[in-house]
1. Using protein chains only and a probe of 1.4 angstrom, how many square angstrom of Lys86 are accessible, to the nearest 10?
2. If contacts are Cα pairs under 8 angstrom and at least 6 residues apart, what is the relative contact order of the chain in percent?
3. For Ala40 and Trp107 in one chain, what is 0.36 nm times their gap in residues minus the Cα-Cα distance, to one decimal in nm?
4. Treating the beta-carbon of each Lys and Arg as +1 and of each Asp and Glu as -1, no other charges, what is the dipole magnitude of the chain about its Cα centre, to the nearest 20 debye?
5. Determine the gain in length on full extension of the stretch Ser27-Gln13; use 0.36 nm per residue of separation and subtract their C-alpha separation, reporting nm with one decimal.
6. If you take every DSSP beta bridge whose two residues both sit in the chain, what share of them, in percent to the nearest 5, is antiparallel?
7. Top to bottom by accessible area (1.4 Å), largest first, where do Leu4, Leu101 land?
8. Along Cα→Cβ, 7 Å out, is where each label goes; now give me the distance between the ones at Glu88 and Ser116 in nm to one decimal.
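The values are calculated or read from the model by the stated rules, or taken from the named source; none is laboratory data. Bear in mind that the values here come from a model prediction, so they are computed numbers and not experimental data. Virtual Cβ from ideal backbone geometry, glycine too; neighbours counted across all protein chains shown. Surface areas here come from the heavy atoms of the whole protein model, side chains and all, with no ligands, DNA or RNA. Shrake-Rupley method; radii C 1.70, N 1.55, O 1.52, S 1.80 Å.
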Amino acid sequence: QVQLVESGGGLVQPGGSLRLSCGVSGSIFSFNNMGWYRQAPGKQRGLVAYITRGGITNYADSVKDRFTISRDNAKNTVYLQMNSVKPEDTAVYYCNAHSSLGPIDYWGQGTQVTISS
């Protein structure tokens, strides 16, 4: 069973930075895409960013030019660097591993990010 464990969430002031990490039990190279999603209170979970096995990235319009997703295959870890954060970035952030074989998705337990002064 694949396990994803997020870390790095917390309380940050607007305009600040935060880096989320997602450790995966197993090789992340086995997944087509690794991604970050978020869910704010009263809203549906939505895509923040994903990165393909080949390193191609895609971002939600709301986070373009502020957030950066990256992966370290040797450490089986995916990162989300969050810069110039805004109060509307407040949400629980979830790590996702997607395989087109199935298809199948694995999720982490989520990490809370709160942007507030």
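1. 80 Å²
2. Details: 282 pairs, mean separation 43.1, N = 117.
So the answer I get is 37 percent.
3. Separation in residues times 0.36 nm, less the Cα-Cα distance, equals 22.5 nm.
4. Working: 10 positive and 7 negative charges, 10 e Å.
Computed charge dipole of the chain: roughly 60 debye.
5. Working: separation 14, 0.36 × 14 = 5.04 nm, distance 3.45 nm.
Gain on extension, Ser27 to Gln13, equals 1.6 nm.
6. Working: 39 of 42 bridges.
Among the beta bridges of the chain, antiparallel pairing accounts for roughly 95 percent.
7. Values: Leu4 10, Leu101 145 Å².
Of Leu4, Leu101, the descending order of accessible area is Leu101, Leu4.
8. Each label point is offset 7 Å from its Cα along the Cβ direction, giving 1.9 nm.
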